[in-house]
Amino acid sequence: MPYQVPEPKIFACTQSTHLAERIAKSFGSDLGKVIFSRYSDGEFQPSFEESVRGARVFIVGSTNPSSENLMEMLLMLDAAKRASARHITAVMPYFGWARQDRKDKPRVPIAAKLVAKMLEVAGATRIITMDLHADQIQGFFEKPVDHLFASTLFLPYLKNLNLDNLTIASPDMGGSKRAYAYSKALECDVVICYKQREKANIISHMELIGDVQGKNVVLVDDMVDTAGTLTKAADLMMERGAVSVRAITTHALLSGDAYEKIEKSKLSELIVTDSIPLKKESNKVKVLSCAELFSDVMQRVHQNTSISSKFLM
């Protein structure tokens, strides 16, 4: 009798429970049962409360700091491996520690490479993630990586806005490739901000390359942390004659006083995904869910069918 692959099972790390529930609902299954036991010193232990032997397991969890989120994913992967799961996919809407993808000065780690190796050692046989900070991080893995793009969500939203004189903007030189891809898809102009940092998260100077006079500008980035770059860029563009400035960023880290900066800025809207749960609500922040995107790709992975149609750019 030929081997029949059991139905896939979806489990969630604690931070991503809400997103995992939406993914499971779209997938057409219930979220798997897992409990976390905690010791008084902060140590924790995940436990699958149902059999995963021979199954295809999807573990959903973004790994943004604190490091507890990454540790949860690693322990869940290890538990699934030791419980004899057949396929173990780490579904990481946000791949944390990705900004450390190279040595930009002596005596520093390449954290993204280290995290990739830890995930594989823990038991991941496949990675599904979205909008990595740098595309080449895929090369840090020896296992298959499905790198999805939030443009699948953002492009239809932008087209529905029907903005006149639309211009796409990159908040820094590093994001110019992404901005050009959006401008090509939307058949519009592109401008780029040039910034100099005093140190991490602190901008000393910013200049604009291109004309935004009379334009509706959309800033495009992969993540927003302190919101310093986006808000400074938005204010600069309004000073240079832009009609409106909004931003689309995949991962809403929004740390420190980011919400206050956004509220006080000239940004009319910040559109993000739910790859990371928002810390609080804001009238200027709109969330587009990535649950159906991940659910669809997970279905295709399970059925061994192509996912190339999900790569808009």
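Things to note:
- Any chance Ala116 is in a helix (DSSP H, G or I), open to solvent by less than 20 Å² (accessible area, probe 1.4 Å) and touching a strand residue (DSSP E or B) at 6+ places or on another chain (Cβ under 6 Å): no
- Flag for Ala252 being crowded, with 20+ Cβ neighbours inside 10 Å, within 19 Å of Ala179 (Cα to Cα), modelled with pLDDT under 95 and among the aliphatic types (A, V, I, L, M): no
- Counted as qualifying within segment 140-246 are the strands (runs of 3 or more DSSP E) with 3 or more residues that are at pLDDT below 95, open to solvent by 20 Å² or more (accessible area, probe 1.4 Å) and not aromatic (Phe, Trp, Tyr), namely 189-199, 202-209.
- Yes/no for Thr229 being closer than 16 Å to Thr129 by Cα and of a type outside the set (Lys, Arg): no
- Failed item, numbered, when Asp104 is tested on (1) at pLDDT 95 or above; (2) under 26 Å from the mean Cα position of the chain (by Cα); (3) over 25 Å from Val272 (Cβ atoms): (1)
- Matching entry among Gly123, Gly96 (being touching a residue at least 24 places away in the same chain (Cβ under 8 Å), among the small types (Gly, Ala, Ser), crowded, with 18+ Cβ neighbours inside 10 Å and out of contact with any strand residue (DSSP E or B) (no Cβ under 7 Å at 6 or more places or on another chain)): Gly96
- Those residues of segment 262-313 which are over 23 Å from Ser183 (Cβ atoms) and of a type in the set (A, V, I, L, M), in sequence order: Ile262, Ile276, Leu278, Val285, Val287, Ala291, Val297, Met298, Val301, Ile307
- Considering Val57, Val108, the condition of being touching a strand residue (DSSP E or B) at 6+ places or on another chain (Cβ under 7 Å), more than 20 Å from Ala252 (Cα to Cα) and either surrounded by fewer than 16 Cβ atoms within 10 Å (Cβ to Cβ) or touching a residue at least 40 places away in the same chain (Cβ under 8 Å) (or both) is satisfied by Val57 alone.
- Qualifying residue in segment 295-306 (condition: assigned to a loop (DSSP other than H, G, I, E, B) and in contact with a strand residue (DSSP E or B) (Cβ under 8 Å, 6 or more places away or on another chain)): no
- Scanning segment 9-22 for residues that are touching a Pro at 6+ places or on another chain (Cβ under 9 Å) and buried (at least 21 other Cβ atoms within 10 Å of the Cβ) yields Phe11, Cys13, Gln15, Ser16, Leu19.
Listed here are the residues, each with its yes/no results for (1) under 15 Å from Asp222 (Cα atoms); (2) in contact with a Phe, Trp or Tyr (Cβ under 9 Å, 6 or more places away or on another chain).
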site	(1), (2)
Thr89	no, yes
Lys105	no, no
Met130	yes, yes
Phe140	no, no
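- Ala98 being assigned to a loop (DSSP other than H, G, I, E, B) and touching a helix residue (DSSP H, G or I) at 6+ places or on another chain (Cβ under 7 Å): yes
The values are calculated or read from the model by the stated rules, or taken from the named source; none is laboratory data. Note that the structure is a prediction, hence the values are computed from the model and not measured. So basically every Cβ, Gly included, is an ideal-geometry build from the backbone, and we count neighbours across all protein chains shown. Calculation scope for accessible area: heavy atoms of the full protein, side chains included, ligands and nucleic acids excluded. Shrake-Rupley method; radii C 1.70, N 1.55, O 1.52, S 1.80 Å.
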